[in-house]
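Working notes, beginning with the structure itself.
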Amino acid sequence: MLLRLDPASDDPLHVRIAAAVRRAIADGEVSAGDKLPPARELAAALDVNVNTVLRGYRDLRDEGLIELRRGRGATVREATVDRARLTSIADELVREAARLGVSTEELIQLVEERS
Amino acid sequence: MRLRRAYEILVPLVGAGLIVWLSVTATDLPDPLAIHWGSGGEPDGSGSLGVITVVAVALVAGLGGLMVLGARRMPDPTGARMLVGAGHWMTGFGIGIHLFTLRANAGAASWEQAAPLMGSDLALVLLLGAPLAAIGASVAGDRDTIVATMLEADDEAVAGAPVEGLVWTAATRGRAVVVMLLLAAATNAVMWFIAPPGAQPLILAVVLLPVVLLFLFMEARVTVGPTGIRIGMGPWRWPGAKVGFDEVSDVAVEVVEPLRYGGWGYRIVPGVRAILVRKGEGLRIERHDAPTLVVTVDDARTGAAVIRRHLGVTSDA
């Protein structure tokens, strides 16, 4: 599995980890049923605390993208790929809006006009 | 060359045929006959002629034949010589054991009265295969070294992404190994039921436990991140290695043939440490002052691309 974290982002690391996993799911790098790397392994690779990785995984679990089971690790849930793709697109939209100086309210208005 | 390959496989086949012929033409044997001799040289076990014939044929045509066929997969002449030599020695050994068994039992009224096993008999049985092994090894050397196939790294997969944020992980379990281990576990489960009472704990400890441990360990794990490369076997990544990018001189993707490294599992050969759980694509990591690491792992082309980014071979341009 290939994860691409954004080193230039100001977001906390656990947010970036979750975004990288979301993007991997959206890009088809990871399929439903696949196991994510153990938190310990990912933490060692990034040289961060294992709790940082776990926090990112818990965010993904709360979004319904993965299942977290003690002793079994993190597994991508069935039928989450489309949702992950959508969330990944939303991440990119927010990033691009911030780059262009578009406020959150303006962005919401843009989306509402198109819904 | 074809004649040499034919000779290699004919030796165990002819050996097996010879064993069957010896059994069919043997006369004046007790039933059952002596088939095992103790450390004192006296016969201490009996069995039927049919059973020992099958065992001898299995040793010669089965094990010996398998070794010769295995030599066909060896990528280099030296390995092929060793396997064919061993297979032909096994043929001589199997014929020797069978010859001795028949000769020792000939004319005996019962298996207990079979002739004892002398040191000279044992030496002859062991040495009978030597000339066959020498000829076989000599014949087997006539083959070219097969050079490993290399694949390109998938540099496109990581193009445009900042190298500090790239993390690649893979965990690969060989399917053939899993099937073999399941078969071994099933065989051992049968042993559990047919073993004498009281032997079950021994079977559990000595036979089933290693199978379970092998199952656990026959998984290759690799992680590549900003802190370096980590490879290992099984859930505890042992045996394994942690490698900093400054230690790496080159990385490549090899289509691994495990016999090139002597087999499956954790392999130590001159200049290489390998973790091989299946044949197929794997990472080859060459280091400046340490043995090269080879590990069979899925999606090795992406892993190699990530490492190449860290080595500066490619950039995010």
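The values are calculated or read from the model by the stated rules, or taken from the named source; none is laboratory data. Worth saying up front: this structure is predicted, and the values here are computed from it rather than measured. Using ideal geometry, Cβ is built from the backbone for each residue, glycine included, and neighbour counts are taken over all protein chains shown.
Would you check which residues across the range A:93-115 are surrounded by 12 or more Cβ atoms within 10 Å (Cβ to Cβ), closer than 17 Å to A:Asp10 by Cα and either of a type in the set (D, E, K, R) or touching a residue at least 12 places away in the same chain (Cβ under 8 Å) (or both) and list them? Once the filter is applied, which keeps residues that are surrounded by 12 or more Cβ atoms within 10 Å (Cβ to Cβ), closer than 17 Å to A:Asp10 by Cα and either of a type in the set (D, E, K, R) or touching a residue at least 12 places away in the same chain (Cβ under 8 Å) (or both), the range A:93-115 yields A:Leu93, A:Val94, A:Arg95. Screening the candidates B:Leu181, B:Leu208, B:Leu216 for the property of being within 24 Å of the chain's Cα centre (by Cα), under 21 Å from A:Glu41 (Cα atoms) and without any contact (Cβ under 8 Å) to a residue 40 or more places away in the chain yields one hit, B:Leu216.
When B:Ala153 is tested against (1) part of a loop (DSSP other than H, G, I, E, B); (2) modelled with pLDDT of 85 or more; (3) more than 14 Å from chain A (Cβ to nearest Cβ), exactly one condition is not met: (3).
What number of residues in the range B:142-168 are among the polar types (S, T, N, Q) and under 16 Å from B:Val251 (Cα atoms)? I'd like the intermediate steps shown before the answer.
First, the residues of the range B:142-168 that are among the polar types (S, T, N, Q): B:145, B:149.
Then drop every residue that is not under 16 Å from B:Val251 (Cα atoms), which leaves B:149.
So the answer is 1.
For the range B:209-222, the criterion of being within 14 Å of another protein chain (Cβ to nearest Cβ), in contact with a helix residue (DSSP H, G or I) (Cβ under 9 Å, 6 or more places away or on another chain) and within 26 Å of B:Gly280 (Cβ to Cβ) is met by at least one residue.
Could you say whether any residue in the range B:174-183 is within 14 Å of chain A (Cβ to nearest Cβ) and within 25 Å of B:Pro258 (Cα to Cα)?
First, pick out the residues of the range B:174-183 that are within 14 Å of chain A (Cβ to nearest Cβ): none.
No: the range B:174-183 contains no residue that is within 14 Å of chain A (Cβ to nearest Cβ) and within 25 Å of B:Pro258 (Cα to Cα).
To keep it simple, each residue is scored yes or no on (1) within 14 Å of another protein chain (Cβ to nearest Cβ); (2) aliphatic (A, V, I, L, M); (3) assigned to a strand (DSSP E or B).
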{"site": "B:Ala274", "(1), (2), (3)": "no, yes, yes"}
{"site": "B:Arg284", "(1), (2), (3)": "no, no, yes"}
{"site": "B:Ala290", "(1), (2), (3)": "no, yes, no"}
{"site": "B:Val295", "(1), (2), (3)": "no, yes, yes"}
{"site": "B:Ser315", "(1), (2), (3)": "no, no, no"}
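Against the test of being under 15 Å from the mean Cα position of the chain (by Cα), within 14 Å of another protein chain (Cβ to nearest Cβ) and crowded, with 21+ Cβ neighbours inside 10 Å, the options A:Leu65, A:Leu46, A:Leu42 yield a single qualifying residue, A:Leu42.
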